[in-house]
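Here is the structure we will look at, set down as structure tokens.
The values are calculated or read from the model by the stated rules, or taken from the named source; none is laboratory data. A quick note: this is a predicted structure, and the numbers were derived from the prediction, not measured. Every residue, glycine among them, receives a Cβ derived from its backbone with ideal geometry; neighbour counts consider all protein chains shown. Ligands, DNA and RNA are stripped out before the accessible areas are found, and what is left, the full protein with its side chains, is counted by its heavy atoms. Shrake-Rupley method; radii C 1.70, N 1.55, O 1.52, S 1.80 Å.
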Amino acid sequence: MIISPSILAGNLANLELELSKLAAAKADLLHIDLMDGHYVPNLTFGLPILKKIREVNDIPFDVHLMVTNPSFYIDELAALGNVSFISWHPETEYHNHRLINKVKQYDISAGWAINPATSIDIVDPVIHDLDYALIMSVNPGFSGQSFISNAYEKIRLLREKDKVREKPIGIEVDGGVNDTNAYYLQQAGVTMLVAGAYIFKSNNYSEAIDRLKFPTKENR
Ligand code: DX5
Ligand code: ZN
């Protein structure tokens with residue numbers, strides 16, 4: 001299980017310290033919630049901040065675009081270096097097939113973020129093209145919300161779609177993840193977990209990440 005701490009939940013007034021604590025805790029990825037104040041009612045990090053983060057830290061980026069024009073950001077994100085994943089919400093883009101291929105040409109995994117009220121069948125036309133799906137288990141925009149459990153059915157349906165693929169699709173779950181639902185999500189076949197509040201409100205990031213990476217029934 002890959003764990004992707006969502007820096008949005010960290011102390012943004014002391015980013016460098018938070019990033020060094022995540023590096024010491026051996027975070028696999030850094031989940032970047034890039035919001036533009038249009039697609040969602042919140043505004044977070046722009047490219048100048050991401051450039052500065054890249055200068056002081058080398059955890060690979062897992063970028064989650066919550067913007068109305070995702071295609072505007074791809075070239076500059078790729079230029080940052082060490083970006084492993086980029087996801088966007090398919091309803092924000094007119095030319096999704098083109099954008100998926102553009103991201104992949106940079107050797108970055110391309111994913112779609114699927115909102116709680118969006119059917120997972122939306123992926124069918126591009127099931128051979130997508131590298132992963134980011135299943136939203138909260139409505140996008142904010143950290144610290146409660147997990148919406150219709151994510152489980154979407155994970156099950158997505159795993160069924162693997163039958164037509166050469167290799168299994170990656171499944172990332174984002175929102176309200178904690179050490180209780182991590183166990184069930186892992187059982188369901190999730191490959192990546194995003195966690196904001198659960199990690200950053202803990203006293204020990206390393207232990208919190210380990211509890212998500214190796215969830216046990218005792219945590220239920
Ligand atoms: C919500 C974001 C999430 C959020 C997760 O729009 O996509 O990545 O930061 O935070 P928690 O884990 O606190 O729900
Ligand atoms: Zn996110």
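Can GLY176 be described as buried (at least 17 other Cβ atoms within 10 Å of the Cβ), closer than 13 Å to SER6 by Cα and at pLDDT 95 or above?
Against the criterion (buried (at least 17 other Cβ atoms within 10 Å of the Cβ), closer than 13 Å to SER6 by Cα and at pLDDT 95 or above), GLY176 qualifies.
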Across segment 182-193, what is the number of residues that are touching a strand residue (DSSP E or B) at 6+ places or on another chain (Cβ under 9 Å) and either open to solvent by 50 Å² or more (accessible area, probe 1.4 Å) or farther than 15 Å from SER6 by Cβ (or both)? 6
Can you find even one residue in segment 142-154 that is under 27 Å from ASN82 (Cβ atoms), open to solvent by 20 Å² or more (accessible area, probe 1.4 Å) and touching a residue at least 60 places away in the same chain (Cβ under 8 Å)? yes
Can you confirm whether LEU17 is open to solvent by 10 Å² or more (accessible area, probe 1.4 Å) and either part of a loop (DSSP other than H, G, I, E, B) or more than 15 Å from ligand 2 (Cβ to nearest atom) (or both)? yes
Looking at segment 65-76 only, could you name the residues that are hydrophobic (A, V, I, L, M, F, W, C) and more than 16 Å from ligand 1 (Cβ to nearest atom)? PHE72, ILE74
Listed by first then second residue, the pairs whose first member lies in segment 194-206 and is under 8 Å from SER6 (Cβ atoms) and open to solvent by less than 20 Å² (accessible area, probe 1.4 Å), whose partner is of a type in the set (D, E, K, R) and more than 8 Å from ligand 1 (Cβ to nearest atom), with beta carbons under 9 Å and at least 6 positions apart or on separate chains, are VAL194/ASP62; VAL194/GLU172
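Could you identify the single residue in ILE108, ILE114, ILE171 that is surrounded by 14 or more Cβ atoms within 10 Å (Cβ to Cβ) and more than 16 Å from ligand 1 (Cβ to nearest atom)?
ILE108
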Quick one: is SER137 among the small types (Gly, Ala, Ser), within 15 Å of ligand 1 (Cβ to nearest atom), in contact with a helix residue (DSSP H, G or I) (Cβ under 9 Å, 6 or more places away or on another chain) and closer than 30 Å to LYS201 by Cα? yes
